[in-house]
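To start, the structure under review is shown below, and the notes come after it.
The values are calculated or read from the model by the stated rules, or taken from the named source; none is laboratory data. Bear in mind the structure is a predicted one, so any value in this text is a computation, not a measurement. Cβ placement follows ideal geometry from the backbone for every residue including glycine, while neighbour counts extend to all protein chains displayed. Surface areas here come from the heavy atoms of the whole protein model, side chains and all, with no ligands, DNA or RNA. Shrake-Rupley method; radii C 1.70, N 1.55, O 1.52, S 1.80 Å.
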Amino acid sequence: MTEVDGAHTVMILDTGESCVCKGNESVLHALVRARKRIPTGCRGGGCGVCKVEVVAGSYSKRAMSRAHVSETEEAERRVLACCIYPTADLQLRIIGKLQRAVCRPKQAGA
Amino acid sequence: MAMTGVLRPGHLQLRVLDIEKSRKFYRDIIGLVETGMDAQGRVYFKAWDERDHNSIILRQADRAGVDFIGFRVLNKLALDRLEQAVQEHGISTERIPAGDLLETGERVRFELPSGHPFEFYAEKTHIGNGLGMLNPRPWGAAADYGIAPTHFDHCLLYGPNLDATRKLFTEVLGFFLVERVLAPNEPIGGKDVAIWLSCSIKTHDIAFVEHAEPGKLHHVSFRMPSGERIQRAADILGMNKVPVDIGPTRHGITRGQTIYAWDPSGNRFETFTGDYEAYPDYEPITWTFDELGYGLDYSLGKLHETFLTVMT
């Protein structure tokens, strides 16, 4: 999907939902834009709240805290959503603290 | 009140994930004054109205958070006395030689019960605030550059053993308890989950929250000269798309006006002003846990989830 220059689709496998991630924004930024109720942490790669596992697709990344993402995890594409920028459409699973908020059913009227 | 022991929070070494990005952030957005870089690549800053050479030190690391916190004490005699008191309290200390930190004398370091490396030192070069010592002007260009806080004010740390930490600070180091938050359903005088401690007439020079994981940083706080300047800081954060956690609002606890936001590595910082003056004879103020939302954010009365879950 490239309706916007450099934009890619991010699919959350836990819920089957998708959102569009613009060329210069992080995956977390796109998730927040699409789902306002999502809790976000520091957005700087330091607190580890927004951990995801990328199952398909490619991305560029910036430094994230080793207190939350080991080298092995980073190599196995378990990363912080605030620190990755899609270079292709992505499919991901939410792991860590975000999971409860993303995967719980929407409340009536929410 | 004569201050003869511990004077003030003097320095804090912060771990950052990208030193160049963080250097620009603290210099151009926060508006700290860069004062040096050492052989290890650490970058040194002071707030404009501080007179000592440095207060905030950045170190490139693979994880965010705080390396250590240092308080300035009156003189070498006070340093020796505090070292002895800490040792007699059953905590071992080490001496770090002068010059390990730029323009800073020998430091006495030990670990707090909360797991944070903590230091005292008696010497750090006075470089002044740029206004001179004879017939000075009231302010200069640095007072308007970026958010432009006047001082590194305090930090809030998360870690275990809150009771032991309070005991150490109030019974050994000469601090006094200013405010406290009780654990859920605790009676007045019962177990605390958070404490605000002063060695001056500020409402806090350091604060702690009970937390399972040791050595964690909740925020580094910068003193602002007015509430108007807090609003100006909020504008600057917006202009630079800096992620904001809470505020501008007022803390019920300490009554200070505040913004919490995050630096590029996810370390939370605060711009702070307007708290009341505290004295050692004052009875500590108590907050019950069910009112903590007002203690944190008095206008919304909201216990923001990030307060208890997001730290570095």
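Just a few scattered comments:
- Identity of the residue in region B:231-251, more than 14 Å from every other protein chain (Cβ to nearest Cβ) and in contact with a strand residue (DSSP E or B) (Cβ under 7 Å, 6 or more places away or on another chain), that ends up least open to solvent (accessible area, probe 1.4 Å): B:A233
- Top-ranked residue in region B:274-312 [being more than 27 Å from B:T170 (Cα to Cα) and aliphatic (A, V, I, L, M); ranked as surrounded by the most Cβ atoms within 10 Å (Cβ to Cβ)]: B:V310
- Taking every residue in region B:67-90 that is assigned by TED's automatic domain parsing to the domain that holds B:G105 and touching a residue at least 40 places away in the same chain (Cβ under 8 Å) and pairing it with any residue that is acidic (D, E) and in a helix (DSSP H, G or I), at least 6 positions away or on another chain, the pairs with Cβ-Cβ distances below 9 Å are B:H89/B:E171.
- Residue within region B:176-195 that is aromatic (F, W, Y) and either out of contact with any strand residue (DSSP E or B) (no Cβ under 9 Å at 6 or more places or on another chain) or crowded, with 24+ Cβ neighbours inside 10 Å (or both) present: no
- In this structure, B:G227 qualifies as farther than 27 Å from B:I91 by Cα and away from chain A (no Cβ under 14 Å).
- Which numbered condition B:L32 misses (of (1) open to solvent by 20 Å² or more (accessible area, probe 1.4 Å); (2) under 22 Å from B:S200 (Cβ atoms); (3) not aromatic (F, W, Y)): (1)
- Failed condition for B:K46, given (1) open to solvent by less than 20 Å² (accessible area, probe 1.4 Å); (2) over 20 Å from the mean Cα position of the chain (by Cα): (2)
- Considering region A:47-87, and only residues there that are touching a helix residue (DSSP H, G or I) at 6+ places or on another chain (Cβ under 6 Å) and in a loop (DSSP other than H, G, I, E, B), the residue that is modelled with the lowest pLDDT turns out to be A:C50.
- Inspection of region B:58-78 identifies at least one residue that is among the β-branched types (V, I, T) and over 15 Å from the mean Cα position of the chain (by Cα).
- Annotation: of all residues in region B:188-204 being among the small types (G, A, S) and under 23 Å from B:D290 (Cβ atoms), the one that is modelled with the highest pLDDT is B:A194.
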